[in-house]
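Colleague: The structure is given below, and queries will be raised subsequently.
The values are calculated or read from the model by the stated rules, or taken from the named source; none is laboratory data. In this text the structure is predicted, and so the values were computed from the model without any measurement. Using ideal geometry, Cβ is built from the backbone for each residue, glycine included, and neighbour counts are taken over all protein chains shown. Please note that ligands, DNA and RNA were not included when accessible areas were found on the heavy atoms of the full protein model with its side chains. Shrake-Rupley method; radii C 1.70, N 1.55, O 1.52, S 1.80 Å.
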Amino acid sequence: MTKFLALISMLALSLALSAKELSPPDTIFHYGCEGSLRYAIAINVNDDTSFTGICIMKSMNVRVVGSVVNEFGIKAFDFIYDKSDGSLELHNVISFFDKRFVRRTVKGDWKYLLAFEAEEKKDRNRKVTVDNEGTIILENVKHHIRYILSPLASI
Amino acid sequence: MFNKIIFIIFLLLPLALLAKNDLQRVDSHRQQIIISRINQSTSAINTICCDFEQTKFLSLLDDKLESSGKMYFKQPQNLKWEYVNPYKYVFIISESKVSIRSMQGVEEIDVRSSRLFQEIVNIMVNSVTGKCLSDDSYFDIAMYDSDKALVARLIPRKKEVKRIFNVITLYFDKETFMLSKVEMEEENGDLTRISLKNVEVNVHVDDKVFSLD
């Protein structure tokens, strides 16, 4: 029993060490000289996979512009984030995301993620973690939505 | 006067572009003949194996996403679409079931449970075989002839597909009447182009290929 508890403790510790929870104003996205990032993305709602695909984002002066598409290339949505005023707009939203509640929630989540460096404090309804391999997880605790962004090797 | 000249130039520009691409619209009689030849050619197909290269042009980012993989088809309605690079993703249609393996794991969907899925499955399978050209319930079809290919421009009729695609363009080899390229234009200005390479027809394809096991 004692050995079992020790094993569980070590497992919990190793998991805690492998994923680090971020706090503002930590930097999440490191654009590098090309100014572009690519991720494999999964969006889970209530622990069910709702969407998988690719997220590409570019830093263009004061704006971050991005597209989320599925593996076949079908667009889920575009977003434009303006660093100067912290605003975020969704564009070209596919029909099954294009419901008022969904848009508002997705917009709020992505705005929190992209504005993270400029935030003054954590949002108690949202949590951002990053692991050693650079996988970013944004969790909307209130609505049980999880966005998982895993870095994609560039080609 | 100057504005009228500019207006006329803009009207003629699309025609100029078509001429540059040597695309000539065929009349309805010739269209039926071409479709018949494609059907004749594809009716002899039992299996297809090929590589594919996909390019997604993202209008808002002025950028593109390139991916590649393998495609397998076996009559009557077995299709495997496997992305290998830069991401791993498998999509299989077999016996009214869609199986997906993504970074999130495995998912199986009964095609009959979703009308949108049914439409997508039918389009994918029928596009591979060219059968979509014979069923005008799905698309309004216009055929074009060029030096390099026979081109079918498909305007979706079904609401579920119209929401996603404006136009789907199929390119058929003029000698073999086999599908060589697909382009899908979205309303937002994005374009997805899929080119089929190293196509092998009627080679042995094991049924196990269409399983995630």
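Colleague: Considering only segment B:152-179, state which residues are under 18 Å from residue B:28 (Cβ atoms) and either within 14 Å of chain A (Cβ to nearest Cβ) or over 11 Å from the mean Cα position of the chain (by Cα) (or both).
Modeller: B:155, B:157
Colleague: Here's another thing I want to ask about it. Go through segment B:46-84 and report how many residues are more than 27 Å from residue A:55 (Cα to Cα) and either surrounded by fewer than 16 Cβ atoms within 10 Å (Cβ to Cβ) or within 12 Å of chain A (Cβ to nearest Cβ) (or both).
Modeller: Qualifying residue count, segment B:46-84: 3.
Colleague: Of everything in segment A:59-76 that's in a strand (DSSP E or B) and charged (D, E, K, R), which residue is least open to solvent (accessible area, probe 1.4 Å)? Break it down into steps so the answer makes sense when it comes.
Modeller: Quick first cut of segment A:59-76, residues in a strand (DSSP E or B) only: A:59-60, A:63-69, A:75-76.
Now drop any that are not charged (D, E, K, R), which leaves A:63, A:75.
Values: A:63: 97, A:75: 7 Å².
Per the stated criteria, the residue is A:75.
Colleague: Given the condition within 14 Å of another protein chain (Cβ to nearest Cβ), among the acidic types (Asp, Glu) and assigned to a strand (DSSP E or B), answer yes or no: does some residue in segment A:41-52 qualify?
Modeller: So in segment A:41-52, the residues within 14 Å of another protein chain (Cβ to nearest Cβ) come out as A:41-52.
Restricting the remaining residues to those that are among the acidic types (Asp, Glu) gives A:47-48.
Narrowing further to those that are assigned to a strand (DSSP E or B): A:48.
For segment A:41-52, residues within 14 Å of another protein chain (Cβ to nearest Cβ), among the acidic types (Asp, Glu) and assigned to a strand (DSSP E or B): present.
Colleague: Residue A:108 versus (1) under 14 Å from the mean Cα position of the chain (by Cα); (2) under 28 Å from residue B:109 (Cβ atoms); (3) more than 7 Å from every other protein chain (Cβ to nearest Cβ): which is the lone unmet condition?
Modeller: (2)
Colleague: Scan segment A:77-88 for residues that are charged (D, E, K, R), more than 12 Å from chain B (Cβ to nearest Cβ) and in a strand (DSSP E or B) and jot them down. Walk me through it before giving the result.
Modeller: Of all residues in segment A:77-88, those charged (D, E, K, R) come to A:78, A:82-83, A:85.
If we keep only those that are more than 12 Å from chain B (Cβ to nearest Cβ) as well, we get A:82-83, A:85.
Within segment A:77-88, just A:82 meets the criteria.
Colleague: In segment A:38-48, which residue that is open to solvent by less than 50 Å² (accessible area, probe 1.4 Å) and of a type outside the set (A, V, I, L, M, F, W, C) is nearest to the chain's Cα centre (by Cα)?
Modeller: A:39
Colleague: Which of the residues spanning segment A:103-133 are out of contact with any Pro (no Cβ under 8 Å at 6 or more places or on another chain), assigned to a loop (DSSP other than H, G, I, E, B), of a type outside the set (Gly, Ala, Ser) and surrounded by 15 or more Cβ atoms within 10 Å (Cβ to Cβ)? Even if it seems obvious, please write down each step before you answer.
Modeller: Filtering segment A:103-133 for residues out of contact with any Pro (no Cβ under 8 Å at 6 or more places or on another chain) gives A:103-115, A:123-132.
Applying the additional criterion that residues be assigned to a loop (DSSP other than H, G, I, E, B) yields A:115, A:123-125, A:132.
When the remaining residues are screened for being of a type outside the set (Gly, Ala, Ser), the result is A:123-125, A:132.
Within segment A:103-133, A:123 is the sole residue that qualifies.
Colleague: What is the residue count in segment B:26-45 for residues that are surrounded by fewer than 15 Cβ atoms within 10 Å (Cβ to Cβ), assigned to a helix (DSSP H, G or I) and of a type outside the set (D, E, K, R)?
Modeller: Count: 7.
Colleague: Would you be able to say whether some residue in segment A:89-102 is surrounded by 15 or more Cβ atoms within 10 Å (Cβ to Cβ), within 14 Å of chain B (Cβ to nearest Cβ) and in a strand (DSSP E or B)?
Modeller: Yes, that holds for at least one residue.
Colleague: So residue B:87 clears everything in (1) away from every other protein chain (no Cβ under 12 Å); (2) not in a strand (DSSP E or B) except one condition, right? Which one?
Modeller: (1)
Colleague: On the given criteria, is residue B:99 touching a strand residue (DSSP E or B) at 6+ places or on another chain (Cβ under 6 Å), within 14 Å of another protein chain (Cβ to nearest Cβ), modelled with pLDDT of 90 or more and closer than 25 Å to residue A:92 by Cβ?
Modeller: Values: touching a strand residue (DSSP E or B) at 6+ places or on another chain (Cβ under 6 Å): yes; within 14 Å of another protein chain (Cβ to nearest Cβ): yes; modelled with pLDDT of 90 or more: yes; closer than 25 Å to residue A:92 by Cβ: no.
No.
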